[in-house]
Amino acid sequence: MARGNALRVARQLTLGLVALALLAGTWLGQRRATSWEETLWVTVYPVVGGEDPATADYVAALSREDFEPLTGFVAAEAARWGVSIEKPLRIDLGQTVGLPPEPPAEPSVFSVMAWSLQLRWWAWRELADAPGPSPDIRLFAVFHDPINGVALPHSLGMKEGRIGIAHLFASRHMRGSNKVVIAHELLHTLGASDKYDPMTNRPVFPEGYAEPKLQPRYPQRYAEIMGGRIPVAPQSAEIPRSLTYTRIGELTASELRWIE
């Protein structure tokens, strides 16, 4: 009995030490990623998420240049907040991969933790044969059939493992708003938090407003990227058509360690 208890304690201690090591590695990696001393390497991996052959054709026609506006957006906003690095991000287009595991239908602390580990394992397995070194951030762009009135699954970005999943429409008309979604999830992987009310999808004042001091307050000219929408009236907000209509606000800049 005593030997069994000792083995159980030793096993729990080992698991605790492994968990601490993973947390320490995540924290150190996050600190390095947001030191903004070197260009971060971001790879976008396309995923065919629809059944229409046109969606597969759309994904096959993608190029790295389709995602280059993301680097310009982050560079311009970083410079606006006084960050000296000339090119904060480098965007590459990776290989097409399969569908990632779906998040739990009824999230709980343990189910989300299990799914997070499953997602990282899936990403490692899918990219095990990818040439070259592993990027700093992995973004999986899941393109769906552009069907009117159909809502996309919730996109997400995680600091743990710096992985993002962006659900997008395979439509030329949605290219601008698709990049807004990708930028939002990209910044999640670097520590930025959501700044909108999940019940209404409207930005929260003041942190979810790009120009909280604007007078009159409405209509706002831009969306705060983590607020997600442009507030045009107290109870109304619009999805920005492109990154041209988005900005990184003060709290997000602080979360990215652009300002103290």
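Couple of notes before you dig in:
- Total residues in the stretch 107-133, condition of a type in the set (Ser, Thr, Tyr) and either loosely packed, with under 12 Cβ neighbours inside 10 Å or modelled with pLDDT of 95 or more (or both): 1
- Which numbered condition residue 251 fails, given (1) in a loop (DSSP other than H, G, I, E, B); (2) in contact (Cβ under 8 Å) with a residue 40 or more places away in the chain; (3) out of contact with any His (no Cβ under 7 Å at 6 or more places or on another chain): (1)
- Set side by side, the residues 223, 170 differ, and just one is over 21 Å from residue 78 (Cβ atoms), surrounded by 23 or more Cβ atoms within 10 Å (Cβ to Cβ) and among the hydrophobic types (A, V, I, L, M, F, W, C), which is 170.
- Among (1) assigned to a loop (DSSP other than H, G, I, E, B); (2) without any contact (Cβ under 8 Å) to a residue 12 or more places away in the chain - the single one residue 257 does not satisfy: (2)
- Enumeration of residues in the stretch 182-201 that are surrounded by 19 or more Cβ atoms within 10 Å (Cβ to Cβ) and part of a loop (DSSP other than H, G, I, E, B): 189, 190, 192, 195
- Check on residue 246, closer than 29 Å to residue 172 by Cβ and either crowded, with 21+ Cβ neighbours inside 10 Å or among the polar types (S, T, N, Q) (or both): yes
- Residues in the stretch 72-94 that are crowded, with 18+ Cβ neighbours inside 10 Å and farther than 19 Å from residue 223 by Cβ: 5 in all.
- Residues of the stretch 183-233 that are small (Gly, Ala, Ser), farther than 27 Å from residue 161 by Cα and touching a helix residue (DSSP H, G or I) at 6+ places or on another chain (Cβ under 7 Å): 223 alone.
- Filtering the stretch 70-117 to residues that are among the hydroxyl-bearing types (Ser, Thr, Tyr), assigned to a helix (DSSP H, G or I) and closer than 20 Å to residue 187 by Cα leaves 71, 116.
- When we screen 62, 13, 22, 17 for residues that are in a helix (DSSP H, G or I), of a type in the set (A, V, I, L, M), at pLDDT 60 or above and out of contact with any His (no Cβ under 8 Å at 6 or more places or on another chain), the only hit is 13.
The values are calculated or read from the model by the stated rules, or taken from the named source; none is laboratory data. In this text the structure is predicted, and so the values were computed from the model without any measurement. Reconstructed Cβ throughout: ideal geometry from the backbone, glycine too, with neighbour counts over all protein chains shown.
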